[in-house]
Number of protein chains: 2
Amino acid sequence: MIAVIMAGGSGTRFWPRSRRAEPKQFLKLTGERSLLQATVDRIAPLVPIDRVIVVTNARFVDRVARDLPDLPRENILGEPVGRNTAPCVALATAWTESRFGPDEVMAVLPADHHIGDEALYRSVLSAAEAVALRDGGLVTIGITPTRPETGYGYLELGEEESAVKGHTVRRVARFVEKPDRERALAYMNGGNHLWNSGMFVWTAASIRAEIERQIPDLATGMNAFRDARDLAAELGRLYPGFPSLSIDYGVMEGAEAVRALPGDFAWNDVGSWDALRDLGSLDEAGNAVRGDAVLVDTSDCVVAGDGKLIAAVGVRDLVIVQSGDAILVCPRDRAQDVRLIVDRLSESGRDGIL
Amino acid sequence: MIAVIMAGGSGTRFWPRSRRAEPKQFLKLTGERSLLQATVDRIAPLVPIDRVIVVTNARFVDRVARDLPDLPRENILGEPVGRNTAPCVALATAWTESRFGPDEVMAVLPADHHIGDEALYRSVLSAAEAVALRDGGLVTIGITPTRPETGYGYLELGEEESAVKGHTVRRVARFVEKPDRERALAYMNGGNHLWNSGMFVWTAASIRAEIERQIPDLATGMNAFRDARDLAAELGRLYPGFPSLSIDYGVMEGAEAVRALPGDFAWNDVGSWDALRDLGSLDEAGNAVRGDAVLVDTSDCVVAGDGKLIAAVGVRDLVIVQSGDAILVCPRDRAQDVRLIVDRLSESGRDGIL
């Protein structure tokens, strides 16, 4: 199996820790290893490092190489511009075909998620590989909902197929866009929906067939990448013309055969500062603390300092972050609105701090 | 008239801006000038600089000299240890007597307050000088209450005496300790109470007589200071043995004749970070902002940065301060509780950050 790690993020939701020059996948939010490093570490027992591909923006190729010194340099694919995940998958498919042929299984994995139970995660991935080989088509890892989350897409499940390696296999009836709270609650209680985690498993031939059928323009590019003598030149020539399209919307929703394996391995997409309360330990007042902090009568906060002392008295449910030359304060339930700050800074031409 | 500026504060209520090495009187909280500098500036039309005395802790003598380069060095009196304001007044009285004789009028003024209407302030001080000369006894400047403040002591007023220079003169019936809210409200509405601002005017002879009568031990020290050839040596010998006593509690409350002049010159004791909202301008959302800040959907906050960008989304009524290597976040109505942080840091031996 090949592991395709999608590390193209340039997100702003962890500003001021994440910056344009240091997006989320490179942050050490959960321990000594960056999210990217942790992603590679966690699949290492299944996929040796020379079968790992990292797709990232061209300007982060050196940064990825620094994070992953054992990764062969030619396994880092630099996109000249970001075009969401469908072109990224097409590129990785071309690379896989040219080196390992069309029957190779690819596990497509985001670089910036957290997994609590790594052994179970590998067991599910391994079962998904077997399903991809046995049944063809596209396989996705779904997460059993543990809360009525309105921020994710959902998979509506269809008929059950025979289990593989002890893991349930379900057909996916359809993809559901982010629901309102009432429907999210019904999905959670109904037992027939999974969170769409963005982790996929398929053979190169299976995903190629769907791309050819659904996004012919992208398929042309995919062929050019597969046959290129100078891949970087082809990327520079073709990438800017690609549509910006997610693999979910561009391929998965219209695919002919999609199967899902439920995963209950404590997945977290590390979507905002608030996620830090779900990763790692809390103090006795429910605060997630990174760095140097003195908290008095302060509860249920996320406090993350980077060299400075953060002191708080009498606050709750706040995010307080210091990183380098900037400080962020917001309520936990508005952690997503960090982008409003980033927008404001961008509008006023303060790119140096982004 | 002599101006005695009491600059002995080592307060912690403006941590992390105020530090042990840089207490409040040296901070530029309200503009380009420190509170101490502003205090001297504001009395300059009444009192030439060579008649200004600053009493401070011995370790701040150089710091005061740097803030006030025109002040004669011998006018900076360094206390070897802090013993509250009564010993400070005794020392200043001795200094005044030895240079100008017992009939000299002294205006005793805190170094760390803010005055909105400086012309009116000088007019009241000038009237107080005339009262001190006409009537003897002790004169205090009281502030007409504008809110039911429970954090100050009050002056209960007695009979009215003949006005001086257009300013009302009242006997003080008694000093009242910090009241509860109900009494504070009654004081504000009753028109018979003033805030005790800690600003006093008297002749050296008048305050000497009260110190001799009420605190004989301190009077002995006062005589020694007056007659000393080597004042620093006498201070080192006697100061540690003095009781720690405020001039209010030690002298004013038991004094035989105290008069008050009401002052309505927009006085502010700059008691905590929250005071910044009463000094200087607010943005359209009611935030008092110092330094570099980006505020989105944020109102009625005090935001003070010192070199770093402070960004906030969706918060209100918070104090957010960055200064040097530390950050403070607390609700405005708990700004006084900064001392809890300072206590905690002190207990854990982190003196470097205090």
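Using 1/(1 + (r/R0)^6) with R0 = 35 angstrom and r between the beta carbons of residue B:103 and residue B:351, what's the FRET efficiency to the nearest 0.05?
Numbers: r = 46 Å, r/R0 = 1.32.
It comes out at approximately 0.15.
Given springs between every Cα pair under 10 Å in a Gaussian network model of chain A, which of A:315, A:108, A:124 has the largest fluctuation?
A:315
Taking amide H positions as placed in the peptide plane 1.01 Å from N, state which residues far from residue A:319 in sequence (5 or more) or on other chains have amide H under 5 Å from it.
A:302, A:330, A:332
Any idea what the relative contact order of the stretch B:173-304 is, in percent, if you count C-alpha pairs under 8 Å spaced at least 6 apart?
16 percent.
Mind listing the long-range amide H neighbours of residue B:286? Cut-off is under 5 Å, sequence gap 5 or more, other chains count too, H placed in the peptide plane at 1.01 Å from N.
HN-HN under 5 Å from residue B:286: B:300.
Need one number: nm distance between label points at residue B:70 and residue A:266, each 7 Å from Cα along Cα→Cβ, rounded to one decimal.
So the two model labels end up 6.8 nm from each other.
Give me the distance between the Cα centres of the stretch A:98-139 and the stretch A:29-88, rounded to whole Å.
16
Only four residue types carry charge here, +1 at the Cβ of Lys and Arg and -1 at the Cβ of Asp and Glu. Report the dipole size of chain B about the Cα centre in Debye, rounded to the nearest 20.
Computed charge dipole of chain B: roughly 480 debye.
Along Cα-to-Cβ, 7 Å out, sits the label point; list in nm, shortest first, how far the one on residue A:243 is from those in the other copies.
Distances to the matching label points in the other copies: 8.8 nm.
What FRET efficiency do you get for residue A:306 and residue A:168 if R0 is 51 Å and r is their Cβ-Cβ distance, rounded to the nearest 0.05?
0.75
Convex hull over the alpha-carbon atoms of chain B: what's its volume per residue in Å³?
It is 142 Å³ per residue.
Can you list, shortest first and in nm, the gaps between the label point of residue A:351 and those of its counterparts in the other copies, using a point 7 Å from Cα in the C-beta direction?
4.9
By how many degrees, between 0 and 90 and to the nearest 10, does the Cα long axis of helix B:118-135 differ from the longest principal axis of chain B?
20
In a GNM of chain B with a 10 Å cut-off on Cα contacts, which of B:314, B:236, B:250 has the highest mean-square fluctuation?
B:314
Hey, what number do you get for chain B at 222 nm if only DSSP H runs of n ≥ 4 count, each worth -39500 (n - 2.57), divided across all residues, to the nearest 500?
That comes out to -9000 deg cm²/dmol.
Report the calculated FRET efficiency for residue A:297 and residue B:316 (r = Cβ-Cβ distance, R0 = 30 Å), to the nearest 0.05.
For residue A:297 and residue B:316, the calculated efficiency is 0.95.
What relative contact order, as a whole-number percentage, does the stretch B:2-268 give when Cα pairs under 8 Å and 6 or more residues apart are counted?
For the stretch B:2-268, the relative contact order is 25 percent.
Grab the eigenvalues of the alpha-carbon gyration tensor for the stretch A:172-330, scale each by 5, take roots, and send me the semi-axes largest first in whole angstrom.
Its equivalent ellipsoid spans semi-axes of 42, 25, 13 Å.
Looking at the protein assembly as shown, send over the antiparallel percent of its DSSP beta bridges, to the nearest 5.
Numbers: 60 of 130 bridges.
DSSP beta bridges in the protein assembly as shown are roughly 45 percent antiparallel.
Can you give the net charge of the other residues whose Cβ lies under 11 Å from the Cβ of residue A:335, counting K and R as +1 and D and E as -1?
Neighbour charge sum, excluding residue A:335 itself: +1.
With axes computed from alpha carbons, what is the tilt in degrees of helix B:338-347 against the longest principal axis of chain B, rounded to the nearest 10 within 0 to 90?
90
Mark the label point 7 Å from the Cα of residue A:343 along Cα→Cβ and return the residues of the stretch A:176-219 whose backbone N is within less than 20 Å of it.
A:178
When the Karplus curve 6.51 cos²θ - 1.76 cosθ + 1.60 is applied with θ = phi - 60°, which whole-Hz ³J(HN,Hα) does each residue of the stretch A:56-71 get, with x for Gly and Pro?
My calculation for the stretch A:56-71 gives 8, 5, 3, 6, 9, 4, 5, 5, 5, 4, 5, 5, 10, x, 8, 6 Hz in order.
Given Cβ point charges of +1 (Lys, Arg) and -1 (Asp, Glu) and nothing else, what value in debye, to the nearest 20, does the dipole of the protein assembly as shown about its Cα centre take?
Dipole of the protein assembly as shown, to the nearest 20 debye: 720 debye.
From the phi of every residue in the stretch B:213-218, what ³J(HN,Hα) in whole Hz does the Karplus formula 6.51 cos²θ - 1.76 cosθ + 1.60 yield, where θ is phi - 60° and glycine or proline is x?
So the Karplus estimates, Gly and Pro as x, are 6, 9, 9, x, 4, 6 Hz.
Using C-alpha positions alone, give me the convex hull volume of the stretch B:79-214 per residue in cubic angstrom.
Roughly 134 Å³ of hull volume per residue.
Can you list the copy-to-copy distances for residue B:21, using a point 7 angstrom from Cα toward Cβ, in nanometres, shortest first?
Nearest first, the other copies' label points are 2.9 nm away.
About the Cα centre of the stretch B:273-353, what is the dipole size in debye to 20, counting +1 per Lys and Arg Cβ and -1 per Asp and Glu Cβ, all else neutral?
Result for the stretch B:273-353 is approximately 140 debye, rounded to the nearest 20.
Scan around residue A:29 for amide H atoms under 5 Å from its own, H built in the peptide plane at 1.01 Å from N, and keep only partners 5 or more places away or cross-chain.
A:35
Please label the shape of the protein assembly as shown as rounded, prolate or oblate, based on the square roots a ≥ b ≥ c of the eigenvalues of the alpha-carbon gyration tensor (a/c under 1.5 means rounded; beyond that, a/b larger than b/c means prolate, else oblate).
prolate
Which angle from 0 to 90°, rounded to the nearest 10, does the C-alpha axis of helix B:181-190 make with the longest principal axis of chain B?
60
Provide Rg over Rh for the stretch B:273-353; use the alpha carbon set for both Rg and the Kirkwood Rh (inverse mean inverse pair distance). Mind showing how you got there, number by number?
Numbers: Rg = 13.1 Å, Rh = 13.2 Å.
Here the Rg-to-Rh quotient is 1.00.
Out of B:36, B:194, B:318, any idea which swings most in a Gaussian network model of chain B, alpha carbons joined below 10 Å?
B:318
If you take every DSSP beta bridge whose two residues both sit in chain A, what share of them, in percent to the nearest 5, is antiparallel?
50
Please turn the phi angles of the stretch A:170-178 into ³J(HN,Hα) values with the Karplus equation 6.51 cos²θ - 1.76 cosθ + 1.60 (θ = phi - 60°), one per residue in order, whole Hz, x for glycine and proline.
Whole-Hz 3J(HN,Hα) from phi for the stretch A:170-178: 10, 5, 9, 6, 6, 8, 10, 5, 3.
Using the C-alpha atoms of the stretch A:199-250, what convex hull volume per residue, in cubic angstrom, is computed?
Spelled out: Cα convex hull of the stretch A:199-250, divided by residues, is 90 Å³.
Given the C-alpha centroids of the stretch A:147-222 and the stretch B:272-342, what is the distance between them in whole angstrom?
Between the Cα centre of the stretch A:147-222 and that of the stretch B:272-342, the gap is 46 Å.
Values in this text are rule-based calculations from the coordinates and carry no lab data. What you see is a predicted model; the values in this text were computed from it and never measured. When we count neighbours, we look across all protein chains shown, and the Cβ atoms used for this are built from the backbone with ideal geometry, even at glycine.
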